[in-house]
Amino acid sequence: MAFGKMETTDGPWSWVVLVAVMFIHGMTLGFPSCIGVYYTELQNSFQASNTETSWFPSIIMAVLHAGGPLCSIMVERFGCRVTVMVGGVLCSMGMVTSSFSQTIVHLYLSAGLIGGLGLCFCFQAAVTVLGYYFIRRRTLANALAATGASVGMALWPLISQYLLEAMGWRGSFLIFGGILLNCCVCGAIMRPVRSPTPTPNKDSHVTDLPTSKPCTGEELEHGKGLRRYLAIDLLLHHRRYQIFTIGVTWMVLGFVLPLFYLVPYATSSGVSESTAALLLSLIGFINIFVRPVAGLVSQHKMFSGRLMYLFSGAVTLNGLSNLVCAASPSFPALVIYCTLYSVSMSVIGALVFQVLMDTVGMKRFPGAFGLFTILESITILLGPPLAGLLVDITGQYGLVFYASCIAVTSSGLFMGLATFAVNRKDAAKKSEQNKADAISNNDTKYSPARQEML
C-alpha cells in the first residue's frame, strides 16, 4: 500500500532501509540457529522422542522456505511494507502462543506454522525491497544485508542459552515474541519508493505497490499466472535448472542437520551446555567475515561462467566437514568442524541466489525461485525427523553427521559433474555449429555464381 512520503532509489533513506533489512535478516534467518539450544529441554518437557522433537525445527524451516509464492502474492498485492509488518505480527503471535503449549503438536502449529510463515513474510519481502531501493549499489546492499543473518546466527544462541537458564523455554519463547515484533518497526521504515524513470504498462510508478496487474482467470487457466510464481516448465525442460534444483533440494536434506543436532551431540559427549551454545555462535561469527569476502571473490573474472563449480565445491567441502565432527566429539575437533562448516556455508549462502539468477535470468527468476523454495522445503521438512528417527533407533547422535556427510557431499558431486557434462555437450554442439557455418560460408564464397559475379 502506498502511503506517506515517497523516497528515491539509491537515496539517503535507502541506507536506513538497508539497516532495517539487516535487522530483519538477523531476527528471521538467525532465529532457527538457536533451536538446538532448546532441543533437550523441549524433549524432556513434552516427553517426546527425538523424531517428534525434530519435527518442530523442520516445520519452521520448511514453512520459511515454502511460503515464498504466498509471500510473492502478498508483496504484489500490498507491497513490501505491509507484508513485513504482517509477518512481524505473525512471528510474535506464533512465539507468544507457543509459550503456553501443552503438547508438542501445539508447538508445531504455533511456533512452527504461524511463526514460520511470519519469518517467511519478513525475510523474503525484505530481500525484495532492497531491489526496489538500490540499483547502482544493489550488489553491495545485498552483501551487507547478508551480514545481518550472520550476526543473528552468532547472537541468538548466546541469548537463548542465557534466557533458558534464567526463565526456561516458555519464558524464552515469550521474550522471543517481543523481539520478533520489532520486525513491524523495520517494516514501517520501508516507505514507498518511486522509480527513477517512468515504466510503461504499469499502473503506478511507486515500486512499493504491486508491479503488475492482477492475473485474470484466463491467464491462470493458460498457466501464465502460475508460471509467474512456479516455473514448472523450467523444471521440465531447462537442463541447468534441473541440475541446480535437484542438487540443492537433495543438499538441504543434510545441510541443516548440524544446526539442530550439534548442541545435543556435544552435550551428550560431555561438553557443557554453555560451551555447546558457543559452538553455534562460532559458526555465526565466522559467517560475518567470510560471507562478504566470498561474495567479492566470486565476482573475480576467473569465476566468470564457472560459479556453479565454485558452488558445488563449497557444497562438497561442507559435506565432508561432517566427518571431522562424527569422528571425534572432543571440543578441539568440534571447533575445527565449526570452522570448516561455517566457511563452506558462507560460500554457499553467498552464491546460491546468484547461481540461480545466472541459470535462468532475471525475467524467470521469481517463478524459478518460487518452485525452488517449495521443493527444498520438502527435504528440509523431512531431514530433521529422519535424523531423529535414526537417533531413536541407534541412540547415537554421531550417525546424524555421517548421514549429513553422505547427503551433502553427494549433492555437491552431482551438481559439479552434471554441470561439467552439460558444458562439454554444449561446447561440442557449438564447435559443430561453427564448423557447419564455416563450410557454409566457404561454399557460398566459392560457388560458380559467386565466381561469375566476381
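The values are calculated or read from the model by the stated rules, or taken from the named source; none is laboratory data. Remember, it's a predicted structure, so these values are computed and weren't measured experimentally. Please note: Cβ atoms are built from the backbone with ideal geometry, for glycine as well, and neighbour counts cover all protein chains shown. Just so you know, the surface numbers come from the protein's heavy atoms only, side chains and all, with ligands and any DNA or RNA stripped out. Shrake-Rupley method; radii C 1.70, N 1.55, O 1.52, S 1.80 Å.
Summary table below
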{"item": "Evaluation of residue 311 against (1) part of a helix (DSSP H, G or I); (2) out of contact with any Leu (no Cβ under 9 Å at 6 or more places or on another chain); (3) touching a residue at least 24 places away in the same chain (Cβ under 8 Å) (one fails), failing number", "result": "(2)"}
{"item": "Test result for residue 317, open to solvent by 50 Å² or more (accessible area, probe 1.4 Å), modelled with pLDDT under 85 and in a helix (DSSP H, G or I)", "result": "no"}
{"item": "Every residue from the stretch 133-164 that is open to solvent by less than 10 Å² (accessible area, probe 1.4 Å) and either in a helix (DSSP H, G or I) or closer than 30 Å to residue 54 by Cβ (or both)", "result": "133, 141, 145, 148, 149, 150, 152, 154, 157, 160"}
{"item": "Unique match (being among the small types (Gly, Ala, Ser) and under 16 Å from the mean Cα position of the chain (by Cα)) among 125, 166, 188", "result": "125"}
{"item": "Residue in the stretch 325-342 that is within 18 Å of the chain's Cα centre (by Cα) and crowded, with 19+ Cβ neighbours inside 10 Å present", "result": "yes"}
{"item": "Wholly within the stretch 1-84, helices (runs of 4 or more DSSP H) carrying at least 3 residues that are within 20 Å of the chain's Cα centre (by Cα)", "result": "12-28, 50-66"}
{"item": "So residue 379, is it within 29 Å of the chain's Cα centre (by Cα) and more than 22 Å from residue 234 (Cα to Cα)", "result": "no"}
{"item": "Given (1) at pLDDT 85 or above; (2) open to solvent by less than 60 Å² (accessible area, probe 1.4 Å), index of the condition residue 130 fails", "result": "(1)"}
{"item": "Any hit, the stretch 269-288, residues being in contact with a Ser or Thr (Cβ under 7 Å, 6 or more places away or on another chain), open to solvent by 10 Å² or more (accessible area, probe 1.4 Å), modelled with pLDDT under 85 and within 21 Å of residue 413 (Cβ to Cβ)", "result": "no"}
{"item": "Test: residue in the stretch 167-182 that is of a type in the set (A, V, I, L, M), at pLDDT 90 or above and open to solvent by less than 40 Å² (accessible area, probe 1.4 Å)", "result": "yes"}
{"item": "Pairs where the first residue, in the stretch 419-437, is under 19 Å from residue 358 (Cβ atoms) and the second is open to solvent by 90 Å² or more (accessible area, probe 1.4 Å), C-beta under 6 Å, 6+ apart", "result": "422/239"}
{"item": "Check on residue 141, under 20 Å from the mean Cα position of the chain (by Cα), modelled with pLDDT under 85 and over 18 Å from residue 12 (Cα atoms)", "result": "no"}
{"item": "Candidate set: the stretch 40-99, residues that are crowded, with 24+ Cβ neighbours inside 10 Å and among the hydroxyl-bearing types (Ser, Thr, Tyr); chosen: the one nearest to residue 129 (Cα to Cα)", "result": "83"}
{"item": "The stretch 367-388 residues that are more than 21 Å from residue 36 (Cα to Cα), paired with ones that are open to solvent by 40 Å² or more (accessible area, probe 1.4 Å) and of a type in the set (Phe, Trp, Tyr) (beta carbon under 8 Å, 6 or more apart)", "result": "369/353"}
{"item": "Wholly within the stretch 343-454, helices (runs of 4 or more DSSP H) carrying at least 2 residues that are at pLDDT 90 or above, more than 21 Å from residue 304 (Cα to Cα) and open to solvent by 20 Å² or more (accessible area, probe 1.4 Å)", "result": "365-394, 398-445"}
